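The values are calculated or read from the model by the stated rules, or taken from the named source; none is laboratory data. Bear in mind that the values here come from a model prediction, so they are computed numbers and not experimental data. Methodologically, a virtual Cβ is constructed for each residue, glycine included, from the backbone with ideal geometry; neighbour enumeration extends over all protein chains shown. Heads up: the accessible areas ignore ligands, DNA and RNA and are worked out on the full protein's heavy atoms, side chains in. Shrake-Rupley method; radii C 1.70, N 1.55, O 1.52, S 1.80 Å.
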Amino acid sequence: MRRQIVAGNWKMNNDLTETESLITDLKKQSRSSEAEVMVAPTFTNLWHAYEALRLSDIEVIAQNMHFAESGAYTGEVSASMLLSVGIQTVILGHSERRAYFKETDEMLAKKVDAALKNNMTVIFCFGEELNDRKSGNHENIVESQIKNALFHLDEQVWSSIVLAYEPVWAIGTGETASPEQAQDMHAFIRKTLNDKYGSKVAESTSILYGGSVKPGNAAEIFSKPDVDGGLIGGAALKAEDFFAIVNAI
Ligand code: PEP
């Protein structure tokens, strides 16, 4: 059975007080879906969020990490540091990391290896830009992002990988991929996994959709057979909206 997941990426939002307040609101929400729920606060608030949500069914996850274990990497955070504050899951390859911090497929492959070596779960993000979509090159781009960062992995570690297809043109823009566009791409991703690893990996890997998912469009996107949940940005900053999305699964 594939995991159904709704993960909120809070990005560089919410100081400690705002984080406390959002967590208080999250705890008040009622839940009518069985999906796994995750939230990704900034590094400075991870420990607090972990403690505050420890007894809840919301997992606290990280937005990024470095591939080295420790050393002279000013401003960076390692897998073992995340583990030391209770974090077991990390988002890697978000398009904002790729665009603004020049993270390459090669760096991401190293980050994935470091996370897996530390027995963490990876939510691996990828997706095409608008010009790739317009020129019809979107499948090639997505295929190469997956191959370059993940296809060196052995079959057995895929149980620790969750994929998140996030078309860059739909992130934070209010423009969502249509449910059909999402389904077509997710089916293509599953086929790509099937070609490389066979049906067991392809059928058991969860593929989340991300890009302007809102309470009003979540149910239709999540109803597609190859969409196993969502990675949510803006709408994850309001507890009611986030749980409306969680409950849309
Ligand atoms: C994201 O940043 O991963 C994302 C999907 O953002 P938004 O929901 O705001 O488009």
Whole-Å distance, taken between Cα centres, linking the stretch 183-212 and the stretch 4-81: 26 Å
Ranked packing of 118-125, 100-107, most packed first, by mean Cβ within 10 Å: 118-125, 100-107
Interchain or long-range residues, amide H under 5 Å from VAL60's placed H: VAL39
FRET efficiency estimate (nearest 0.05) - Cβ-Cβ, SER80 to ASP195, R0 51 angstrom: 0.90
Protection proxy ranking of 202-214, 79-91 - average other beta-carbon atoms within 10 Å, highest first: 202-214, 79-91
Karplus 3J(HN,Hα) series, Hz, for the stretch 103-120 with 6.51 cos²θ - 1.76 cosθ + 1.60 (x for Gly, Pro): 6, 9, 4, 5, 5, 5, 4, 5, 5, 4, 4, 5, 5, 5, 4, 8, 6, 8
Calculated FRET efficiency for the pair THR44/LYS147, C-beta based, R₀ 25 Å, to 0.05: 0.10
Separation of the LYS134 and ALA187 label points, Cα + 7 Å toward Cβ, nm: 2.7 nm
Residue-level accessible surface for ARG31, protein heavy atoms, 1.4 Å, Å²: 80 Å²
Directionally averaged shadow of the stretch 177-249, computed from the convex hull of its alpha-carbon atoms, nm²: 4.5 nm²
Whole-Hz ³J(HN,Hα) from phi, Karplus 6.51 cos²θ - 1.76 cosθ + 1.60, for the stretch 138-144, glycine and proline x: 4, 5, 4, 5, 5, 4, 6
Interatomic Cα distance distribution for the stretch 12-69, bins of 10 angstrom, percent: 21, 53, 22, 4, 0
Cα-projected label distance for LYS102 with MET12, points at 7 Å along beta-carbon direction, nm: 1.7 nm
Estimated FRET transfer efficiency (SER56, SER178; beta-carbon r; R0 41 Å; 0.05): 0.75
Extension gain, GLU34 back to TYR73 (0.36 nm per residue minus Cα-Cα distance, nm): 10.1 nm
Total formal charge among the other residues, if their Cβ is under 10 angstrom from that of ASN64, Lys/Arg +1 and Asp/Glu -1: -1
Under 5 Å, built H, 5+ apart or other chain: amide partners of ARG3: SER206
